[in-house]
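**Q** Shown below is the structure under consideration.
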Amino acid sequence: MKNDELRELYQDVIIEHSKRPRNFHPLEHGHHVDGYNPLCGDTVTVYLDVDGDRVNDCAFQGHGCAISTASASVMTETLKGKTRAEAEALFQEFHDLVTGKSEAADPEQLGKLAVFAGVSEFPARVKCATLCWHTARAALEGKDEPVSTE
Ligand code: ZN
């Protein structure tokens with residue numbers, strides 16, 4: 001596949017997830033943390049239901065740009081069933097991907113998260129893509145304070 005086609009495919013996935021976000025609801029059980037990206041105005045609440053070492057369920061709510069909504073949608077799909085260590089590793093891989101340190105990223109491990117590779121070309125949007133991940137990490141650590149990207 002040519003790079004242009006790949007980019008279009010990636011854009012389609014992001015647009016689709018931003019229009020019809022997955023797991024867009026609160027969770028009755030578990031822990032939640034609010035996140036805010038003042039740079040763009042994105043807000044997100046990430047809900048995590050962790051059973052021992054494993055993420056049982058993950059959901060989110062919020063308002064934001066297409067990138068922040070799509071990122072949270074794909075993240076909730078990705079984190080379900082992962083262990084704490086796997087979630088932390090994915091956070092690092094994803095962060096490396098969207099900040100352009102792509103040599104560190106493992107495309108196979110990233111799966112659908114790879115659609116956000118194009119974000120590295122737009123540094124102002126990096127925080128839109130990583131807001132939900134920072135928030136999920138805080139929720140995983142059992143923190144209560146809201147997360148801000150600034
Ligand atoms: Zn944004």
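**Q** Can you tell me how many residues in the stretch 22-40 are of a type outside the set (D, E, K, R) and open to solvent by 40 Å² or more (accessible area, probe 1.4 Å)?
**A** Number of matching residues: 11.
**Q** Follow-up question, since we're still on this one. Run down 150, 145 and say which single residue is assigned to a loop (DSSP other than H, G, I, E, B) and either within 16 Å of the ligand (Cβ to nearest atom) or among the β-branched types (Val, Ile, Thr) (or both).
**A** Sole residue among the options that is assigned to a loop (DSSP other than H, G, I, E, B) and either within 16 Å of the ligand (Cβ to nearest atom) or among the β-branched types (Val, Ile, Thr) (or both): 150.
**Q** Another one. Only one of 94, 60 is more than 19 Å from residue 114 (Cα to Cα) and within 16 Å of the ligand (Cβ to nearest atom); which?
**A** Just one listed residue meets the conditions, 60.
**Q** Which one of 20, 84 is touching an Asp or Glu at 6+ places or on another chain (Cβ under 7 Å) and among the charged types (D, E, K, R)?
**A** Selected residue: 84, the only one of 20, 84 that is touching an Asp or Glu at 6+ places or on another chain (Cβ under 7 Å) and among the charged types (D, E, K, R).
**Q** Okay, moving on. Restrict the check to the stretch 122-145 and report whether at least one residue is under 14 Å from residue 17 (Cα atoms), surrounded by fewer than 18 Cβ atoms within 10 Å (Cβ to Cβ), basic (Lys, Arg) and touching a residue at least 12 places away in the same chain (Cβ under 8 Å).
**A** no
**Q** Another question, then. Please specify each residue of the stretch 63-87 satisfying the condition of being part of a strand (DSSP E or B) and either within 14 Å of the ligand (Cβ to nearest atom) or buried (at least 16 other Cβ atoms within 10 Å of the Cβ) (or both).
**A** 63
The values are calculated or read from the model by the stated rules, or taken from the named source; none is laboratory data. The structure displayed is predicted, hence computed values, not measured ones. Backbone-built Cβ (ideal geometry, glycine too); neighbour counts: all protein chains shown. Heads up: the accessible areas ignore ligands, DNA and RNA and are worked out on the full protein's heavy atoms, side chains in. Shrake-Rupley method; radii C 1.70, N 1.55, O 1.52, S 1.80 Å.
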